[in-house]
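Peer 1: First the structure, then my questions, so here it is.
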Amino acid sequence: MNSPVYQTVIVGGGFTGLFTALHLAHEHYPRSVILIDKNKRFCFKPLLYEYFDGEMDSSKVVPHFSELLKSSGVIFVQDTVRSIDLHQSEVELASGYSYKYSNLVLALGSVTSYPHVEGAKENAFPFWTEADATTLYRHLRDCLQTAIQTEDVEKRSKLLTVVVVGGGASGVEMVATLADFLPHWYGVLGGNAAEIRVILLNHGQKILDGDINDRLRPIAETELQKRTVEISIILKAEATVVQPDAVEYKSHNKVKILPTYTTIWTAGTSTHPLIQDLPIPSEHRDHHSRPLVTPTMQLLDFPEVFAGGDCAALQNTSLPPIAQVAYQQGANIARNLKALALGKDPQPAKVDIRGTMLKLGLNDAAANLFNIFEVAGEPAHLIRQGTYLTLLPTPIHNFKATTEWLDEEIFHHHTNPRDMGQEVIHAVELLAAGVVSVLVARKLLKMLGDEGKKGNR
Ligand SMILES: Cc1cc2nc3c(=O)[nH]c(=O)nc-3n(C[C@H](O)[C@H](O)[C@H](O)COP(=O)(O)OP(=O)(O)OC[C@H]3O[C@@H](n4cnc5c(N)ncnc54)[C@H](O)[C@@H]3O)c2cc1C
């Protein structure tokens, strides 16, 4: 007879999976923990724009799992999960290895989807992973480089036009980023920045409609107009075909075509295929086919399996698929795994959404704090950066990133001797705002931690 395995396997090292692992290590979980991710680096997705546009480097936005988990006791396996057998309690990997588990954490996130739009999967650029950000950056650099050498006006226009499909948070953040950075990059090559066109195609009547950032729409609409080049927002426009050199859309029953070599797709996500394949009946799934979990984050039919973040749905409660939900659920899953290992009862998870933030281009953002008030412009940018830098996993990583960012913000952006007087004042203001935002964020996190403890008593 086989002896029982006492090991916890976490599949997916995003916000849910990594934070589960880090909390287990912190709580001195008595069983061995294996974290499996197909990538060797964690991706801090809310900062993917900063990685894409070069504002932040890879060590901050996409740090190595090996660095983050150093001395934690968590075993990291870089491999792709091929199948999950809930009946045999076994996970199979692309390398051919497989792992038995006594507890499993499903933390695979979601995937980009292209519902019924011809050519979208083949020709549009997704923006979901580190690899997507790198591919898009290289493509745009190639377009700019080719444009500078192109006499053909029509071709140059296609090279310098970018269409973003989807007016949710990702699409809005993307157009704002492009409208500030593309003209700058093209200008450095000697091109005429005024030739850059950035277009947002949105199916609905309003941007951010039905999004958790809905409240920030008025600020977003205002700040989008302040970018380096104008952003054209086309509403009630349904993308129907994506070709390598054009995107076709329907508006007021007419078919229109936008010639472009760059269509960026931010218009949808779907449930991870491995999660769809699980032997879970449809009545135990939500309308996106995500498995329902109990308030303690366990699958209804397999209580030894926990699931959180974008790949699970809480029974009787609707939470948005965002990072702050995912990492809080990770912490709760860790607490409940430890409770089970010690023979105690798991406790309902508690998730607080304290507000939302949007990046709206270079040094610009919108922040909704506690659903009480909104902040726009540079102060919101500082709050956003401070908050995310405080959240970067592990204290050492966080400290390094924060100090480097403050140093860059204060000393490197403000060294023009001609404006020294004004710049010094501005730098001091920025330093104060930056420090305040980091302190506020720390306070918020402490409150979150304290309330989490209260909730689990
Ligand atoms: C561009 C962008 C900007 C965003 N901005 C914000 C924001 O400002 N605020 C906010 O709150 N949220 C934001 N989000 C959403 C947020 O990032 C997600 O909700 C969050 O990452 C979900 O966490 P997760 O753990 O469920 O999944 P993820 O963080 O996506 O992690 C899933 C992990 O599973 C791994 N994986 C997938 N398949 C396999 C496999 N077969 N084998 C092994 N490993 C696998 C992946 O490599 C990944 O590491 C943003 C998302 C994107 C894409």
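Peer 1: Could you list log10 I(q)/I(0) for region 120-267 at q = 0.09, 0.10, 0.19 Å⁻¹, which the Debye formula gives when each Cα is one point scatterer?
Peer 2: Scattering profile of region 120-267, log10 relative to I(0): -0.26, -0.32, -1.19.
Peer 1: Taking amide H atoms as placed 1.01 Å from N in the peptide plane, list the residues 5 or more away in sequence, or in a different chain, whose amide H sits under 5 Å from that of A312.
Peer 2: none
Peer 1: Work from the charge dipole of region 5-75 (Cβ charges, +1 for Lys and Arg, -1 for Asp and Glu, about the Cα centre) and give the residue of L18, G73, S58 farthest towards its positive end.
Peer 2: The one lying farthest along the dipole's positive direction is G73.
Peer 1: Hey, another quick one. Apply the Karplus curve 6.51 cos²θ - 1.76 cosθ + 1.60, θ = phi - 60°, to the phi angles in region 349-362 and return the couplings in whole Hz, x for Gly and Pro.
Peer 2: Coupling constants for region 349-362: 6, 10, 10, 10, 9, 9, x, 9, 9, 10, 7, 10, x, 5 Hz.
Peer 1: Related question: Only Cα pairs under 8 Å and at least 6 apart count here; give the relative contact order of region 268-329 as a rounded whole percent.
Peer 2: 25
Peer 1: Could I ask something else about it? Would you kindly give the portion of the calculated P(r) for region 65-164 that falls above 22 Å, as a percent of all Cα pairs?
Peer 2: Percentage above 22 Å: 58.
Peer 1: In region 120-267, how many lysine pairs have Cα atoms under 17 Å apart, counting only pairs 8 or more places apart or on different chains?
Peer 2: Lysine pair count for region 120-267: 6.
Peer 1: Let me ask something additional. Could you tell me, in Å, what Rg and Dmax come out for the Cα atoms of region 334-386?
Peer 2: 17.8, 51
Peer 1: While we're on this one: Long-range amide H contacts for Q243: which residues qualify at under 5 Å (H placed 1.01 Å from N, peptide plane, sequence gap of 5 or more or a different chain)?
Peer 2: Excluding prolines and chain starts, which carry no amide H, the hits are E248.
Peer 1: Each residue of region 102-114 in order: what ³J(HN,Hα) in whole Hz does its phi give by Karplus 6.51 cos²θ - 1.76 cosθ + 1.60, θ = phi - 60°, with x for Gly and Pro?
Peer 2: For region 102-114, the Karplus curve yields 9, 9, 10, 10, 8, 9, 8, x, 10, 10, 5, 10, 10 Hz.
Peer 1: Work out, step by step, the length gained on full extension between I234 and A131: first 0.36 nm times the residue separation, then minus their alpha carbon distance; give nm to one decimal.
Peer 2: Once the chain is fully extended between I234 and A131, it gains 34.2 nm.
Peer 1: For K250 and Y97 in the same chain, what is the full-extension length gain: residue separation times 0.36 nm, less their Cα-Cα distance, in nm?
Peer 2: Gain in length upon complete extension: 50.3 nm.
Peer 1: Applying the Karplus parametrisation 6.51 cos²θ - 1.76 cosθ + 1.60 with θ = phi - 60° to the phi angles of region 298-313, what ³J(HN,Hα) value in whole Hz is obtained for each residue in order, glycine and proline being reported as x?
Peer 2: Per-residue couplings from phi come out as 9, 5, 5, 9, 9, x, 6, 10, 9, 8, x, x, 5, 9, 9, 10 Hz.
Peer 1: OK, next. Contour minus end-to-end for D152 and Q276, with contour as 0.36 nm per residue of separation and end-to-end as the Cα-Cα distance?
Peer 2: My answer for the length gained is 39.9 nm.
Peer 1: I need R384, R141 ordered by Cβ neighbour count within 10 Å, fewest first.
Peer 2: R141, R384
Peer 1: Can you give the FRET efficiency for N192 and T317, using 1/(1 + (r/R0)^6), R0 = 51 Å, r = Cβ-Cβ distance, to the nearest 0.05?
Peer 2: Approximately 0.45, to the nearest 0.05.
Peer 1: Going by amide H atoms built from the backbone, whose H comes under 5 Å of the H on I353, apart from near neighbours?
Peer 2: none
None of the figures in this text is laboratory data; all of them are computed from the coordinates on show. On a predicted model such as this, the values are computed, not experimentally measured, just so you know. Here Cβ is always computed from backbone atoms with ideal geometry, including for glycine, and neighbour counts include all displayed protein chains.
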